[in-house]
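The values are calculated or read from the model by the stated rules, or taken from the named source; none is laboratory data. Being a predicted model, the structure only gives us computed values, none of them experimental. As a convention, Cβ positions derive from the backbone with ideal geometry for all residues, glycine included, and neighbour counts pool all protein chains shown. Heads up: the accessible areas ignore ligands, DNA and RNA and are worked out on the full protein's heavy atoms, side chains in. Shrake-Rupley method; radii C 1.70, N 1.55, O 1.52, S 1.80 Å.
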Amino acid sequence: MPSILVVDDDAALRGLLARYLGEQGFEVSCAGGGADLDRVLAEGGTPDLILLDLMMPGEDGLSIARRLRASLSVPIIMLSARGEDIDRIVGLEVGADDYLPKPFNPRELLARIRAVLRRYETSEPPPARAAHGAPVAHVLEQGPFRIDLDMHDLSIAGHSISLTEGEFQLLRVFMEHPRRLLSRDTLMDLLKGYDRSPFDRSIDVRMTRLRRKIEADPAQPRHLLTIRGEGYVFVPEGRAPA
């Protein structure tokens, strides 16, 4: 039974979501804000998904998402009464996996929850076993880049780099297709289970975040290259400086 943590200062909405999602087969816990969230995590452990309100008194959802991303690899869907594009983009930039403006149809929320959970499940294959029964590490290596698919760990030339789940899966796709031009639509298709709209720019947001972490100069990338009007290319060994 997947577990969901609802973080919202609206007690009535928390109750409605807890009841509805409980009827859909989820185990639901609730928190009214950042401090309450920390208590629930300390007592109950990490949930399978967090529904996080953006606008809350005290610590807001963006601040909470930032600090969660520093220590947890848990999917986050942000909820907000403000539906402007800038709010959605900022939410994705701090590590949210999806964003849903209020008011929303409960069925749409349910569909998005299931899509995000599918995405996380398909990104974590069970470890293979060697003949003697020991687990075989799932590792991809390209140039100085090395990712461990079981541990969700990236290292570049031996230095460990922390990535969110979305950043990790995007880099994984690039490492599986090095030196190949990948359009935005192709990337969407390769990121299994990703629900999209024709105007979805979340790939661009993830690219920006990923470049900040793996490029020495994100403004002059050497590994994640943009081919204007066509897509992106991952060059593991790095493009020669201009």
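Observations on the structure shown:
- Listed by first and then second residue, the pairs linking a residue in the range 211-230 that is closer than 13 Å to Leu171 by Cα to a residue that is open to solvent by 60 Å² or more (accessible area, probe 1.4 Å) and charged (D, E, K, R), with Cβ atoms under 9 Å apart and 6 or more places separating them unless they lie on different chains, are Glu215/Arg222; His223/Glu237; His223/Arg239; Leu225/Arg239.
- In the range 42-55, of all residues being modelled with pLDDT under 90 and of a type in the set (A, V, I, L, M), the one that is nearest to Leu92 (Cα to Cα) corresponds to Leu54.
- Leading residue by the ranking (least open to solvent (accessible area, probe 1.4 Å)) among those in the range 14-73 that are assigned to a helix (DSSP H, G or I) and acidic (Asp, Glu): Asp36
- Tabulated pairs, the range 42-58, first farther than 18 Å from Glu165 by Cβ and without any contact (Cβ under 8 Å) to a residue 60 or more places away in the chain, second in a loop (DSSP other than H, G, I, E, B) and open to solvent by 30 Å² or more (accessible area, probe 1.4 Å), C-beta under 6 angstrom, 6+ apart or interchain: Met56/Asp9
- Residue, nearest to Leu149 (Cα to Cα), within the range 162-186, restricted to residues that are assigned to a helix (DSSP H, G or I) and of a type in the set (D, E, K, R): Arg172
- Of the residues in the range 96-115, at least one is closer than 30 Å to Leu154 by Cα, open to solvent by 50 Å² or more (accessible area, probe 1.4 Å) and at pLDDT 85 or above.
- Test for His159: is it touching a Phe, Trp or Tyr at 6+ places or on another chain (Cβ under 6 Å) and either open to solvent by 50 Å² or more (accessible area, probe 1.4 Å) or within 30 Å of Ile50 (Cα to Cα) (or both): no
- Count of residues meeting criterion [open to solvent by 20 Å² or more (accessible area, probe 1.4 Å), more than 19 Å from Ser160 (Cβ to Cβ) and hydrophobic (A, V, I, L, M, F, W, C)] in the range 207-224: 1
- Taking every residue in the range 170-182 that is on the phi > 0 side of the Ramachandran plot and at pLDDT 90 or above and pairing it with any residue that is open to solvent by 40 Å² or more (accessible area, probe 1.4 Å) and not in a helix (DSSP H, G or I), at least 6 positions away or on another chain, yields no pair with a Cβ-Cβ distance below 6 Å.
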